[in-house]
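Asks: Submitted below is the structure of interest, expressed as structure tokens.
No value in this document is a laboratory result; all are computed from the given coordinates. All values reported here derive from a predicted model rather than from experimental measurement. Don't worry about glycine lacking a Cβ; one is built from the backbone with ideal geometry, like all the others, and counts go over all protein chains shown.
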Amino acid sequence: MTARPDGPEELPITGDDDVVRVRQLVRAYAQEVRLGLVDQTKLVTATSELARNTLVYGGGGFARIEKVAANGKTGVRASFHDEGPGIPDLALALADGWSSGKGMGLGLSGARRLVDEFDLDTEVGRGTVVTVVKWKR
């Protein structure tokens, strides 16, 4: 495993290959903080969906991945930033089972269930930032 810098790493999301790179980087970070295999898989699945959403719905953007520590715990935080159209109906977008049909089918609610912390900031016409955290158990 390669040692990571102390600060966050940012990756552009402008195409399908970038979604794969984000997924690989998140897995590397999850392994570094020693998340269990199930939690690694949950985090990688959630961030893959969010990276794809950034590309498909936000028109591209970037991901910021970093190790975090709080209250004696370590984890991985991933945030996804775009300057796309924003989410006009946040309640609908976060409803269980709702998907536009263009993604992996998880939707935002599925990604939210896979992580320990989930924050979504969106404004129509200004874009969206989704931040997730998975803590080591």
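Asks: What is the packing order of peptides 47-54, 35-42, 66-73, taking the mean over residues of other C-beta atoms within 10 Å and listing the highest first?
Replies: For the peptides 47-54, 35-42, 66-73, the packing ranking is 47-54, 35-42, 66-73.
Asks: If I compute Cα extents along the principal axes in Å from the structure I just sent, which labelled value in (1) 38, 27, 24; (2) 44, 43, 30; (3) 50, 45, 30 lines up?
Replies: Label of the calculated value: (1).
Asks: Okay, which of region 61-81 sit inside 15 Å, backbone N to the point 7 Å along the Cα-Cβ direction of Asp116?
Replies: Taking a point 7 Å out along Cα→Cβ of Asp116, the residues of region 61-81 whose backbone N falls under 15 Å are 66-78.
Asks: Using 0.36 nm times the number of residues separating Asn71 and Val56, minus their current alpha carbon distance, what extension gain do you get?
Replies: My answer for the length gained is 1.8 nm.
Asks: Where does each of Val19, Val129, Val76 land when they are ranked from fewest to most other beta-carbon atoms within 10 angstrom?
Replies: Ascending Cβ contact count within 10 Å gives the list Val129, Val19, Val76.
Asks: Kyte-Doolittle cut-off 0.0, length cut-off 20 Å along the helix's own axis using Cα: show which whole DSSP H helices in the chain pass.
Replies: Membrane-span-like by this rule: 37-56.
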